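Written below as structure tokens is the structure these notes are about.
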Amino acid sequence: MEGATGGPARLVCRNVWKLFGPRAGAWLAANGPAPAPEAIAAAGLVAAVRGVNLEVRAGEIFVIMGLSGSGKSTLVRCLARLIEPTAGEILFEGRDLLSASEAEMTRIRRHKMGMVFQHFALLPHLSVLENVAFPLEIQGMGRAEREERARRMIALVGLAGREGAFPRQLSGGQQQRVGIARSLAAEPELWFLDEPFSALDPLIRREMQDEFLRLQRMLHKTIVFITHDFDEAIRLADRIAIMKDGAVEQSGTPEQIVLLPATPYVAEFTRAVPRAKVVRLGSVMRPPEGPAPARSLPATATVAEAAPAFLEGAEVVGVTDAAGRLVGHLDRRAVVDLMLGG
Amino acid sequence: MSDAALPAAGARPRGLAWLAAAALFALFLAWGQDLAPWAFALPRGWQVPFADWIGGFVRWLLDDASLGLFTFAEFTRFLSALLGAPYALVRAVLVEGWPAAGIPPLPWTAVVALAGLLGHRAGGWPLALLAAASFLFIALFGRWESAMLTLASIVIAVPLGIAGGLGLGILAHRRPWLARALTPVLDLMQTIPVFAYLVPVLILFGFGPVSAIVATLIYAMPPMIRITLLALARVPGEIVDLGRMVGCTRAQMTWRVMVPAAKDALMLGANQVIMLSLNMVIIASMIGAGGLGFDVLQALRRLDFGAGLEAGLAIVALAVAMDRVSQAWAGLRPEAPRAAPWPARHPYLVAALAILAAAVVAAQLWPWAQSYPQAWRLSTGDFWSRVMREINVTYFDRLEAIKTTLLVNVMLPVKRLLLGLPWAGVAALLAFAGWRLGGWRLAALAGALTVLIALTGLWEQAMTTVYLCGVSVAFAMLIGVPVGILAAGRDWLWPPVRAVIDTLQTLPSFVYLMPAVMLFRVGDFTAMLAVVAYAVVPAIRYTVLGLRGVDPRLIEAGRAMGCTRGQILRRIRLRLALPEILLGLNQTIMFALSMLVITALVGTRDLGQEVYIALTKANAGAGLVAGLCVAFIAIIADRLIQAAAARARARLGLAEEGAHGA
Ligand SMILES: Nc1ncnc2c1ncn2[C@@H]1O[C@H](COP(=O)(O)OP(=O)(O)OP(=O)(O)O)[C@@H](O)[C@H]1O
Ligand SMILES: [Mg+2]
């Protein structure tokens, strides 16, 4: 996990609050810094985000998971400053977004941020090509250049040949591919995805998740991914933050969350998750002793991914780091224990 | 919402309060005459000379008012010139040509073919045929010049109305304070009868087509503003977020994201503007628009039914063609762009140019291709006049008997009763109703507006309006609700009924006068017939909407409990549809009032007549005051019924809207 998440912090959010209601700012200033939920409700305000601290590192997939109404969309819209947080600080590449001027925000959004929406938000009057080229057109890029780049993005998401189609002629999964291509067209560094697959059928959802992982392996964006589906979070995340009623309950790697849930609420989610799919070899290996095993696997692989090697008869498997050096051994027994225990 | 809690808690006392109020009113009616004569006939000294004030204000505007650099009169003259120049151009193209230069107008063949082409673009061959046939029909009946005059006004008014409405709507969407300021103005505009603003427009802009265009704009723009506001507010939040995330400037946000995303609703607004413009251009023939409306007007004055009916049918043809084509246009979906040479990418433009060229050449070769020849005209005027004479001779007694029976037994007693009511008592009763239905605000509004009407000195005319409107609405509901019940229960019946009422709704209100006058000559009864024909549409529509909207599970539950069909209808469906039917009643009243003013042409003695007289005398004050009185009646009825509907909804537990409204 070190390799994927060890980058410098790109997006930092410190003690961000968002209360909806009249004069929320003044009320929070008077009753701050951290009023109780009951007090907020009594004041007739809706607490959508309460004192959230996050750090998204360069090149990682940071998943924000929470049930409906837990404040995920509000938080992500605060991060892009589509709505003004009531209090707090948001630093993007070290720069305080909340003090940026409107023109500066426009520039940052145009060139550094991309967003994918739950219901795709495609413009119905534009073709696939025009939809994908839309952000570039808004920036004032010339037709030939933007269409060339849009075609490349469309090919990237596997829709080559459908450039002339209109959104209404596409299936949900195809529409979201267009949404993804569009959000990538301006080559942003920071990529927001607000429940991008929630409106899709389970089968298509799975396919889109694979597609998404494939893209990320090529592009290495810094990603904030919102979902209400814990399995999806586990599958995609480098790190997860679990939200409840506007506050972050726990944040950490999928492994940390599954193995050491911080609260009963989090434990409830993790109960049904097979451990082997989450726990990585690095966490269950022992120091390398004895003869070097015939096979070895990377430390970032999950135990489930190592299982076939043991099925083929291996008793011990070597574990290597990113550079390919042997850092530990994994015994068949440890794997069986974990799989049976999970 | 405090009101919602009321009905449950105070169901019985409320009934008692109504009873007490009614009893008090009856007592006052019986003995009040001696106690408080002022409450029955407004003392002369109490009358407020609103009309003189407004008249004085308009005179001041025209003679002295200055807007800094220029006077108000110069401003209106400038506007006139601004509208007059393009109008003159379009008129020359369609009607007169340039005789001095020897250039004829557009040949009729070209117009028919272009209409067909437009129809084809919007909806394929069926619409092409419909559009071309409508124009051919107009030529056939010898109404070509009039129709082209009408069309010229519309061609100028519609784009301006759409652009103006869209622009104001966008501004109001951006600035909530503007939306808040506009809403009451739009409400008022929608209830002031059309004649009422013909008067000031006539005074400010003079008699002529420019005035007609101004009046048309004032009439057709408010709905576009409203629809724009609604359509923009309904653009999904995600689309707005998208616009902001890709870094749109404000102009890009409006024109590249919001307006295209709201296109479907906006196109329906455009359709509205077109239909309202047609309606108004016809009516504005009274202030010099000319065209088909003028033909109807003239026929009405000469009682020349044949000519009037023909002009009316030509209006119908124009209305149907414009409505269907613009609606189909609204439903068009963008097509994939094709890589092809220019002419293949713009087939319709090429076809239009070809049609123009062919028609112009043909017109040079053969005179019949320039203007539709007299000899090919079909005049059915005489035929219709003969039919009418025949009907009137054969059925005179029967028609007369129907008319007299209804007049003597229904209309006159209602009229006598209403005219005998004390204005102060009516104001008190309406205020009481307002208080029970919606609280003290509504009470104050209803009471104050009623008193204002009385203070203008037009109480008698206002009561005549209420009587005509009331009787017409009663008949419209008596016809509309049963028809609605029949249509709602039968899936095969509703589509044809809907087609008929949709068509009825597109017809300009003027058209309704002709058949009624033909059968019953002028008078209250004729006016009532025209109003009922016009106002029955919403009564049917809302009844059907309400009944079809009833949750089928409830009906099933009723059936399971062993209710008969009649019981299900009365106990479940009608009761649950009540709020919708009340809104239908509301719309019926609004339709009736707007038509009623127009029936001044067939000799009523109500507020509409006051406006009409003011129009002929160019008396802005009197016209506006009488017009505002009609608007006040409309507003009182509207607010009371809306409150009643909200209450009914709350009582039925359908109160989502009511709960939010608090
Ligand atoms: N504009 C607003 N005004 C008032 N309350 C709001 C507003 N937007 C969101 N809320 C409230 O804030 C809370 C969090 O909403 P949010 O949309 O962020 O949830 P979410 O986690 O994205 O849920 P979902 O999975 O349904 O999208 C909810 O209680 C919601 O009702
Ligand atoms: Mg959300």
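The values are calculated or read from the model by the stated rules, or taken from the named source; none is laboratory data. Bear in mind that the values here come from a model prediction, so they are computed numbers and not experimental data. Neighbour counts run over all protein chains shown; Cβ positions are idealised from the backbone, glycine included. These area figures cover heavy atoms from the full protein model, side chains too; ligands, DNA and RNA do not enter into them. Shrake-Rupley method; radii C 1.70, N 1.55, O 1.52, S 1.80 Å.
What to note about this one:
- B:D382 vs. criteria of a type in the set (D, E, K, R), at pLDDT below 80 and open to solvent by 70 Å² or more (accessible area, probe 1.4 Å): yes
- Of all the listed residues (A:R95, A:R110), the sole one being without any contact (Cβ under 8 Å) to a residue 24 or more places away in the chain and either within 13 Å of ligand 2 (Cβ to nearest atom) or open to solvent by 40 Å² or more (accessible area, probe 1.4 Å) (or both) is A:R95.
- Qualifying residue in segment A:15-28 (condition: closer than 28 Å to A:D231 by Cβ, of a type outside the set (F, W, Y) and either more than 14 Å from ligand 1 (Cβ to nearest atom) or open to solvent by 10 Å² or more (accessible area, probe 1.4 Å) (or both)): yes
- Every residue from segment B:250-290 that is of a type in the set (A, V, I, L, M), open to solvent by 20 Å² or more (accessible area, probe 1.4 Å) and away from chain A (no Cβ under 14 Å): B:L268, B:I274, B:M275, B:L276, B:M286
- When residues of segment B:303-362 are limited to those that are among the β-branched types (V, I, T) and either open to solvent by less than 30 Å² (accessible area, probe 1.4 Å) or farther than 22 Å from B:A110 by Cα (or both), the one nearest to the other protein chains (Cβ to nearest Cβ): B:V325
- Taking the numbered list (1) open to solvent by 40 Å² or more (accessible area, probe 1.4 Å); (2) within 12 Å of chain B (Cβ to nearest Cβ); (3) without any contact (Cβ under 8 Å) to a residue 24 or more places away in the chain in turn, A:E148 passes all entries but (2).
- Some residue of segment B:480-496 being free of Cβ contacts under 8 Å to residues at least 12 places away in the same chain, farther than 17 Å from B:I402 by Cα, of a type in the set (D, E) and assigned to a helix (DSSP H, G or I): no
- Given (1) more than 13 Å from every other protein chain (Cβ to nearest Cβ); (2) in contact with a Gly (Cβ under 7 Å, 6 or more places away or on another chain), number of the condition A:P188 does not satisfy: (1)
- Number of positions in segment B:77-107 that are of a type outside the set (A, V, I, L, M, F, W, C) and either at positive phi or open to solvent by less than 60 Å² (accessible area, probe 1.4 Å) (or both): 9
- Any hit, segment A:47-65, residues being away from chain B (no Cβ under 14 Å), more than 21 Å from A:D194 (Cα to Cα) and within 13 Å of ligand 1 (Cβ to nearest atom): no
- Residue count for segment B:211-249, restricted to those that are free of Cβ contacts under 8 Å to residues at least 12 places away in the same chain and open to solvent by 10 Å² or more (accessible area, probe 1.4 Å): 7.
- Segment A:165-199, residues that are within 16 Å of ligand 2 (Cβ to nearest atom) and surrounded by fewer than 18 Cβ atoms within 10 Å (Cβ to Cβ): A:S198, A:A199
- Here the condition is being more than 14 Å from chain B (Cβ to nearest Cβ), away from ligand 2 (no atom under 15 Å from the Cβ), closer than 22 Å to A:T300 by Cβ and surrounded by fewer than 23 Cβ atoms within 10 Å (Cβ to Cβ); of A:R205, A:R217, it holds for A:R217 alone.
- Tally, over segment A:78-88, of residues that are of a type outside the set (V, I, T), touching a residue at least 24 places away in the same chain (Cβ under 8 Å) and either within 13 Å of ligand 2 (Cβ to nearest atom) or more than 10 Å from chain B (Cβ to nearest Cβ) (or both): 5
- Some residue of segment A:232-246 being away from ligand 2 (no atom under 16 Å from the Cβ) and surrounded by fewer than 17 Cβ atoms within 10 Å (Cβ to Cβ): no
- Some residue of segment A:120-130 being within 24 Å of the chain's Cα centre (by Cα), open to solvent by 50 Å² or more (accessible area, probe 1.4 Å) and among the small types (G, A, S): no
- Test: A:A100 is away from every other protein chain (no Cβ under 11 Å) and among the aliphatic types (A, V, I, L, M): yes
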